[in-house]
Amino acid sequence: MKELPKIDLPEEWLIGTGVNKALLSLYTNFPCRLKSEIFVLCMEGEIEASVNLNRITVRANDFVTIMPGSILQIHSVNGEPILYFGGFSSKYIEQANLVPSAINTLFITIGRPVISLKSEGAKLLADYFQFLIKLYTFFNESTRKGITPHLYNNIHAGIAAMYNNQMQSSKECLSKSELIYKNFTQLVMQNYNQTRNVMWYAEKLKISNIHLCTTVKKVTGNTCAEIISHMVIMDAKSQLKSTHLSIQEISNSLNFANTSFFGKYFKRYVGMSPLAYRNNG
């Protein structure tokens, strides 16, 4: 596996290395929406990126979990990165039985995709990746499919354990305000392509609209509407650049009343029409 697919993985699971600076630079031009779930272990180099609403810096000994539906954009790559990657395809995830460890991983990594490991832990994880690479090469496709459920559950249990261990050791505790923001972010990720109504999110969180807006502004410096629109625009940009869907189809996928309203919304935030962005942006 020589390159990280832009949208999805062609097999139930893949594992590999060789993601270099030249390949990562392909992702700096526009956001990419991942349907698959991706894990990355960085052993050398430094990468500035955005995963959904979060700007992240990935350095040596960092492990990154990028959940399905996430929108990824690389901003810069410093040094010559040494990366291991693995992941599960959307086709497998959609029919997988989500055990508690997988659900825990989904929740625990939202808003915090990067976990920093000690060098010994990173080396141990690199050994595990190397073992899985050999396993992938050794087995035929049928056998690889047979072990997917076990691998899926084991990897998620391991990630949840790593996060829980770090949170306990650092005595990390979210304040009420941060918890509201995390829950709001989670809801936005799940529903931005259905509704942009801030009041709807407040009702779902069972708090007042004013309390939600004030809290999110205090924690992030951004308004709720700005966060929602950021996700909508990133998704729209991704579809415009990485798919052949029509403007009408993209507008429909984001639940706009019509293409005219979608065009005005897009231009307000991007400064050009969706078509101009697709052709020249």
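Projecting the Cα positions of MET67, PHE131, HIS150 onto the charge dipole of the chain (unit charges on Cβ atoms of Lys, Arg, Asp and Glu, taken about the Cα centre) puts MET67 furthest along the positive direction. Just need the relative contact order of the chain here, percent rounded to a whole number, with Cα pairs under 8 Å and 6+ apart. Once divided by the residue count of the chain, the mean separation gives 17 percent. Classify region 176-281 as rounded, prolate or oblate from the Cα gyration tensor: take a ≥ b ≥ c as the square roots of its eigenvalues, call it rounded if a/c is under 1.5, otherwise prolate when a/b beats b/c and oblate if not. It comes out prolate by the Cα gyration axes. Between LEU240, LEU83, LEU205, the residue with the greatest mean-square fluctuation in the GNM of the chain (Cα pairs under 10 Å linked by springs) is LEU205. Heavy atoms of the protein chains alone define the surface here; on that basis region 152-281 has 54 Å² accessible area per residue at 1.4 Å probe size. Dipole check for the chain: with +1 at the C-beta of Lys and Arg, -1 at the C-beta of Asp and Glu, and the Cα centre as origin, the magnitude is about 760 Debye. Amide hydrogen proximity for GLY69: with H placed 1.01 Å from N in the peptide plane, the residues at 5 or more positions away or on another chain lying under 5 Å are LEU34, LYS35, SER36. Could you give the longest part of the chain that holds none of the GluC sites (Glu not before Pro) found in DSSP loops with at most 15 neighbouring Cβ atoms within 10 Å? That would be 4-171. Between the amide H of GLY18 and those of LEU83, distances stay under 5 Å, these residues lying 5 or more places away or on another chain, with hydrogens modeled in the peptide plane. In the chain, the convex hull through the Cα atoms has an average projected area of 15.5 nm², a quarter of its surface area. Once the Cα-Cα distance is subtracted from the 0.36 nm per residue extended length, the LYS118 to PHE131 segment shows a gain of 2.7 nm. Per-residue ellipticity at 222 nm, computed for the chain from helices alone with -39500 (n - 2.57) per DSSP H run of at least four residues, works out to -17000 deg cm²/dmol.
Within region 176-216, the ratio Rg/Rh, alpha carbon atoms throughout and Rh by Kirkwood, equals 0.92.
The trypsin sites (Lys or Arg not before Pro) of region 152-254 that DSSP puts in a loop, and whose beta carbon has at most 12 other beta carbons within 10 Å, are LYS171, LYS206.
Over region 43-85, the reciprocal of the mean inverse Cα-Cα separation, the Kirkwood hydrodynamic radius, stands at 10.8 Å.
The values are calculated or read from the model by the stated rules, or taken from the named source; none is laboratory data. Everything quoted here is computed from the prediction, not taken from an experiment. Positions of Cβ are backbone-derived with ideal geometry, glycine not excepted, and every protein chain shown enters the neighbour counts. With ligands, DNA and RNA removed, areas are computed over all heavy atoms of the protein, side chains included. Shrake-Rupley method; radii C 1.70, N 1.55, O 1.52, S 1.80 Å.
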